[in-house]
Structure formats: C-alpha cells, structure tokens
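Input: a single structure, listed below in structure tokens.
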Amino acid sequence: MTRLHVISAATRPTSSGRPLAAWVADRARAHGAFEVTPVDLAEIALPFLDEPEYASSGVYAHQHTRDWSALVSSADAFLFVLPMYNGGFTAPFKNAVDFLYSEWQDKAVGLVSYSAGPTGGVPAAEMLLPVLTRLGMLAAERSASVPGVNALIGEAGFEAPAGLADQLDGVLDDVAALAKERVTV
C-alpha cells in the first residue's frame, strides 16, 4: 500500500485547514490505495531554517531536522492541504519544504488548496508547482480547491460542498497512479 502523508500546511491556531485536512485524510483512507498519516505543520513546529549545511547535503545538525527528514522519508506520496494568504502559499510551509531536498524527490504529490475568498487558494497552488518541480516531485495533474472555507466549518468539522469529493477522488487517483509508476520504475 502507498504510504500517503496528508500535510496540513497551516500553522495558525485557528486555521480552517485542520478540519479540511482531517476530511481529506478520511477520504484518502476510504479511497483504498493508501496507508494515511496526517501531519500538522503546527505540531511539527519547525523554526525558520537553521541548518548550517545546504539541504541537498543531507547533513543535519539539529534533531528537529532529522525528525522531519525521517517523517518525510517514510512517505511514498503526499497531499498538501494548503491555505492561500495574500495570493500565495505560506512562509512556514515553504520553510518546511526548504529544510529538506532528497527526501522529496521522485515522490507523488497532490494539492488541495483553500481560501476564505472565491479563488479556493488556486493561486497559491499554482505558485507552489514550480517549487515542487524543482524538487523533483511528481505533481498530480488534477487538484482540488475549496473557496469560502470558513463557511464550511461547523460543529461536526468540515462539511464538503457538492462536487468536492469527486475533485479529491480525482487527485487521489492521480497520486496513486504516480506513486505506483514510481515504484515500478
């Protein structure tokens, strides 16, 4: 089974991304192709990049980096659940990506973006794609986006709007195929 990490990229204590990421992880489990591990960047709590060596060296001076490296290395694929702030992805998320290099390479990745406004965070996802390509990640062709996310969070958690489950299933299909392709190469 493909080991999929669903990474909630928000670090704000009141983020709508956590209930959304929990829903995404549940859908990924139901998909059947994945062993799912939820990862919350707020809980990982990485400082701003503080390694003396380049990430590409794989030489890590700090335990928090070695722990992050082991967690990322343990995955075959990722789903990034990312917010959009001011038209882009967040600095803490970019920081988490920048801590590592080879751990990301040749791994499948799908994007689920969200925003409080009407874009659903699509500009943030589009901005992230060149970074993922530079890292050598295999990006899913399809993505999912959630506009107006705040209105979709209730007492029971995230309540998906019509069509979102189908969007996410398409992303999961793409990620599963890319991860399988990676294994057979």
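Data overview
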item: Most fluctuating residue given options SER115, SER74, SER57, as computed from a GNM of the chain linking Cα atoms under 10 Å; result: SER57
item: GluC sites (Glu not before Pro) restricted to the range 17-57 and DSSP loop, no more than 11 other C-beta within 10 Å; result: GLU53
item: Euclidean distance between Cα centres, the range 10-78 to the range 151-185, Å; result: 17
item: Student exercise, the chain dipole from Lys, Arg, Asp, Glu Cβ charges, in Debye to nearest 20; result: 80
item: Mean separation of Cα contacts under 8 Å, 6 or more apart, over the residue count of the chain: relative contact order %; result: 24
item: Structure-derived Cα extents along the principal axes in Å: which label, when the choices are [x] 68, 30, 26; [y] 46, 37, 27; [z] 66, 32, 23; result: [y]
item: Candidates ALA45, ALA140, ALA75: whichever shows maximal mean-square fluctuation once the chain is modelled as a Gaussian network with Cα springs under 10 Å; result: ALA45
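Laboratory data are not the source of any read-out in this text; all were calculated from the coordinates shown. Bear in mind the structure is a predicted one, so any value in this text is a computation, not a measurement. We place every Cβ from the backbone using ideal geometry, glycine too, and count neighbours over all the protein chains shown.
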